[in-house]
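Bear in mind these aren't lab numbers, they're just calculated from the coordinates by the rules spelled out. This one's a predicted model, so the numbers in the text were calculated from it and none came from an experiment. All Cβ positions, glycine included, derive from the backbone under ideal geometry; neighbour counts span all protein chains shown.
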Amino acid sequence: MSETAVNTLLQICPNDHPPFRDLCAVYARAAGELGMRARTVYLAPPMGARGAQGEHAGVSYLGCEDLGRSRQVTRAFNAAVDAGPGTLVLCHRYRAYLIWLRSGQSAARVIALAHEFGFFKRLQRRVIRRVLARKVEFAGVSPAVVVELEKTVARAHELPNALDLEQLKALSRDEARRALGLPAEGRLCAVVGRLHRKKRPDLALTAFIAADLPGWRLVFVGDGELRGALESQVRGESVIFTGFVEDARRYLAAFDALLMTSSAEEAFGMAALEAMAAGLPVVAPRVPGPQSVLGECGYYFDDASSEPVARALCAAARDGGERAEEGIDRVRRDFSLSAVVRRLDSLRYF
């Protein structure tokens, strides 16, 4: 390995929607720990109250409303960014990778990070050959994504998502329940994320009903196209919908368990990681993405139907925080700022 190291981390990300704003912040702080300059460029305009402040502290927004207009976005990128020879470029997701390729710029090292499955599916074979001729490396957020990438490329890195635990600013149990308008008493099971078919919130609802846990309520923290259909199935006060909550991970102390019913399309499981960091038992499908996060700390179900999910939920409710310390240790070891520093340090040489 050469003794020359890059001195700048440039992150390109389509937008700052959850969890990407926080993930980019973790990488930027890790770069700082290594004495590197860090810059993060979001292609789209900022989202939400925190993003409304626009450019700040090494973060900039190109403000492109339609990312499908690749030529226009590329022109805006080249007008705003000059990567330079001492730069490690980290492209979060396919769209950022595409804009980097179109920009024609070069850098010391370029890594395209796949956060989901199917990274190469949109490219024709002749385009893939041309793309792979460029000086770009690839990485996946979980072993399963890496395996998929390596069906196309010779080697891919594993760069899991991570949390900056020092910057989390989590609320206490009472504070979080008050802020979310939740009952002060009783036990609460959270389903966190978009109410979208990929997340299978309908399965979470039917499994919770089948579990029949006295004194428990189910709380959907999120919004989406399936909310109306779910609300129409609810009877009584055992199910609560909070709607979208910005920085939902800060409120996880309000809950006693997390129920995750995503399909096998789930490449990682950020909600599972955040819940594990908060000391919650996590119920999840036995599929590669969530398993790579939870390891032996999860309460798994093998069949995506109400009864198996209900049994796993009952086990988590019965055991309570039995695996909590082990889960927190796992987060600190494998998914923390220090873990990102180690991985970034191994990538910054050329």
Spatial separation of Cα centroids for region 64-93 and region 249-265, in angstrom: 34 Å
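Within the chain, how many lysine pairs that are 8 or more places apart, or on different chains, have C-alpha atoms less than 23 Å apart? Mind dumping the intermediate values first?
Numbers: 121/135; 121/151; 121/198; 121/199; 135/151.
For the chain, qualifying lysine pairs total 5.
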Local electrostatic count at residue 241 - Lys and Arg +1, Asp and Glu -1, tallied over other residues with Cβ under 10 Å: -1
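If each residue of separation counts as 0.36 nm, what is the full-extension length gain between residue 241 and residue 305 once their alpha-carbon separation is subtracted?
Working: separation 64, 0.36 × 64 = 23.04 nm, distance 2.21 nm.
The residue 241-residue 305 span can extend by a further 20.8 nm.
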C-alpha long axis of helix 93-103 to longest principal axis of the chain, angle in °: 10 degrees
Gained length - residue 57 relative to residue 319, 0.36 nm times residue gap less alpha-carbon distance: 89.9 nm
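Ranked highest first by the average count of other Cβ atoms within 10 Å around their residues, in what order do 92-101, 74-83, 27-36 fall? If you can, show how the numbers build up before the last one.
Numbers: 92-101: 21.7, 74-83: 15.5, 27-36: 18.6.
Those peptides, ordered most packed to least, come out 92-101, 27-36, 74-83.
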On Cα atoms only, tilt of 201-211 relative to the major axis of the chain in degrees: 30 degrees
Rounded tilt (10° steps) of 337-347 against the dominant C-alpha axis of the chain: 30 degrees
Per-peptide average of other Cβ atoms within 10 Å, ordering 266-274, 223-231 highest first: 266-274, 223-231
Tensor-based shape of region 171-333 (alpha-carbon gyration tensor, a/c under 1.5 rounded, otherwise prolate or oblate): rounded
Beta bridges per DSSP with both ends in region 171-333, % antiparallel, nearest 5: 5 percent
Cut-off 12 Å between beta-carbons: net charge of the residues surrounding residue 330, Lys and Arg +1, Asp and Glu -1: -2
